[in-house]
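Written below as structure tokens is the structure these notes are about.
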Amino acid sequence: MEMSYVVQVLMALIGAIGFGWLFHVPVSKLVAIGLGGALDWIAYLVAFELTGGRVFAFFVAALATAAVAEVTARVLRTPVLTLMVPMMVPLVPGGDLYYTTLALVSGDTERFTHMGSLVLKEAGVISFGIILAGCAVQAVLHILAFVRQGKKAH
């Protein structure tokens, strides 16, 4: 593993904890948030290395992080958004948004169009990953509840 990857994952961990603290998340949950943020960026890096596609890497990372946040929230008995929002901070496409804005104010329409569409794709797949993970967790929970009820009936 390259040293730059270690630094990136460490910064994701610190960033997630920092936003958790900024949002007044209880201190007892900050470790889980930090680990979720680190996992978030690890998933992104692995998916990017395997596919070379940033948009797909954002999707994989959002899906993994949302699933971890859903499960961790149930274990810690806390609202999912309390964990998920700070965990997702490393995925915010801030750099791309900056370059989109820079192209807009510079009058570079071609670059603005390219970067703007990239930001929209990234935001879209992050949203889709969150929704898909939430639905998958709910489906699994309903299936488990159904199976438990079936065992009680017999």
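The values are calculated or read from the model by the stated rules, or taken from the named source; none is laboratory data. Note that the structure is predicted; figures quoted are calculated from it, not measured. Cβ atoms come from the backbone with ideal geometry, glycine included; neighbour counts cover every protein chain shown. Areas reflect the complete protein model, heavy atoms only, side chains present, ligands, DNA and RNA absent. Shrake-Rupley method; radii C 1.70, N 1.55, O 1.52, S 1.80 Å.
Residue check: R74 meets all listed conditions (1) more than 23 Å from G18 (Cβ to Cβ); (2) at pLDDT 95 or above but one, namely (2). Restricting attention to segment 53-76, the residues that are out of contact with any Asp or Glu (no Cβ under 9 Å at 6 or more places or on another chain) and open to solvent by 50 Å² or more (accessible area, probe 1.4 Å) total 6.
Considering V119, V105, the condition of being among the β-branched types (V, I, T) and either under 24 Å from F19 (Cβ atoms) or modelled with pLDDT under 95 (or both) is satisfied by V119 alone. Which condition breaks for V7 when tested against (1) open to solvent by 60 Å² or more (accessible area, probe 1.4 Å); (2) out of contact with any Leu (no Cβ under 9 Å at 6 or more places or on another chain); (3) within 21 Å of G129 (Cβ to Cβ)? Against the list (1) open to solvent by 60 Å² or more (accessible area, probe 1.4 Å); (2) out of contact with any Leu (no Cβ under 9 Å at 6 or more places or on another chain); (3) within 21 Å of G129 (Cβ to Cβ), V7 comes up short only on (3). Kindly evaluate V46 against the criterion of being open to solvent by less than 40 Å² (accessible area, probe 1.4 Å), part of a helix (DSSP H, G or I), of a type in the set (V, I, T) and farther than 16 Å from A133 by Cβ. Criteria not met by V46. Within the bounds of segment 49-68, is there any residue that is more than 30 Å from E2 (Cα to Cα) and either aromatic (F, W, Y) or within 13 Å of the chain's Cα centre (by Cα) (or both)? No: segment 49-68 contains no residue that is more than 30 Å from E2 (Cα to Cα) and either aromatic (F, W, Y) or within 13 Å of the chain's Cα centre (by Cα) (or both).
Of all residues in segment 112-154, which are touching a helix residue (DSSP H, G or I) at 6+ places or on another chain (Cβ under 7 Å) and either open to solvent by 100 Å² or more (accessible area, probe 1.4 Å) or of a type in the set (D, E, K, R) (or both)? Selection gives K121, E122, F128. Pairing residues of segment 114-138 that are under 13 Å from V71 (Cα atoms) and touching a residue at least 12 places away in the same chain (Cβ under 8 Å) with residues that are surrounded by fewer than 19 Cβ atoms within 10 Å (Cβ to Cβ) and of a type outside the set (A, V, I, L, M), at Cβ distances under 9 Å and at least 6 apart in sequence or on separate chains, gives V137/R74. Sub-9 Å Cβ pairs linking a first residue in segment 33-48 that is free of Cβ contacts under 8 Å to residues at least 24 places away in the same chain and under 17 Å from E70 (Cβ atoms) to a second residue that is polar (S, T, N, Q) and assigned to a helix (DSSP H, G or I), at least 6 apart or interchain, are L35/T72; A43/T65, ordered by first then second residue. Within segment 21-29, is there a residue that is assigned to a helix (DSSP H, G or I), open to solvent by less than 30 Å² (accessible area, probe 1.4 Å) and modelled with pLDDT of 95 or more? So far as segment 21-29 goes, no, none of its residues is assigned to a helix (DSSP H, G or I), open to solvent by less than 30 Å² (accessible area, probe 1.4 Å) and modelled with pLDDT of 95 or more. Of all residues in segment 93-111, those being under 27 Å from the mean Cα position of the chain (by Cα) and open to solvent by 100 Å² or more (accessible area, probe 1.4 Å) number 3.
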